[in-house]
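Remarks on the structure that follows.
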Amino acid sequence: MKRERLLEIIRFCFVGGISFLMDYSLLFALTEWAGIYYLYSSAISFSVTVVFNYWLCVIYVFKGAGKQSARQATIFFVTGAIGLALNQFCMWFFVAVAGLHYMLAKIFATAIVTIWNYFTKRKAVFG
């Protein structure tokens, strides 16, 4: 693996960690403090975090990406929407079928969606 690609993956994981903390915190706050159903909270927290993550990916993770076209931004957000659907399915599955607490389910869902996000978002940012 080339050094620059390794550094890119490290930056992606760092930004992903910050995004996860934001997503996880919002999920908890919306569910526990605002009383919103966990699947709705999960969709809201994921969506807010996708916008934050996009911004960080463009300016920090994928260096050399340059100015983003409307097409690239659209692809980024469409892949984010698919990531949201995958997240929601995983949340439902891990809570309703596997019987996990929604906060633990979020950890597993995030791990699965992270793999999807890296490959699709890299493609979206670089075109």
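The values are calculated or read from the model by the stated rules, or taken from the named source; none is laboratory data. Just so it is clear, the model here is predicted, and its values are computed rather than measured. Cβ coordinates were reconstructed from backbone atoms using ideal geometry, including for glycine residues, and neighbour counts include every protein chain displayed. Note: accessible area is taken over every heavy atom of the protein model, side chains too, but ligands, DNA and RNA are not part of it. Shrake-Rupley method; radii C 1.70, N 1.55, O 1.52, S 1.80 Å.
Maximal additional length on extending the Phe93-Trp116 stretch stands at 6.5 nm, based on 0.36 nm per residue less the C-alpha distance.
Stretched out straight at 0.36 nm per residue, the stretch from Ala34 to Cys13 would grow longer than its current Cα-Cα span by 4.6 nm. When all protein chains stay in place and ligands, DNA and RNA are ignored, the 1.4 Å accessible-area order of Lys106, Lys63, Lys2, largest first, is Lys2, Lys63, Lys106. Across Tyr40, Tyr24, Tyr118, the residue with the most accessible area heads the list, and the full order at a 1.4 Å probe is Tyr40, Tyr24, Tyr118. When the charge dipole of the chain is built from unit charges on Cβ atoms (+1 for Lys and Arg, -1 for Asp and Glu) and taken about the Cα centre, the candidate among Val15, Ile82, Phe119 whose Cα reaches farthest toward its positive end is Phe119.
Site pair Ala70 and Ser25 shows an inter-label distance of 3.5 nm when each label is modelled 7 Å from Cα along Cα→Cβ.
Counting 0.36 nm for each residue step from Ser47 to Met103 and taking away their Cα separation leaves a gain of 18.5 nm.
The mean sequence distance of close C-alpha pairs (under 8 Å, at least 6 residues apart), as a share of the length of the chain, puts its relative contact order at 29 percent.
Given the chain, what count of lysine pairs have C-alpha atoms under 23 Å apart, with each pair 8 or more places apart or on different chains?
The result is 8.
The calculated 222 nm mean residue ellipticity attributable to helices in the chain amounts to -25500 deg cm²/dmol, summing -39500 (n - 2.57) over DSSP H runs of n ≥ 4 and dividing by all residues. Largest mean-square fluctuation among Leu104, Leu26, Leu56, in a Gaussian network model of the chain whose springs join Cα atoms under 10 Å apart, belongs to Leu104.
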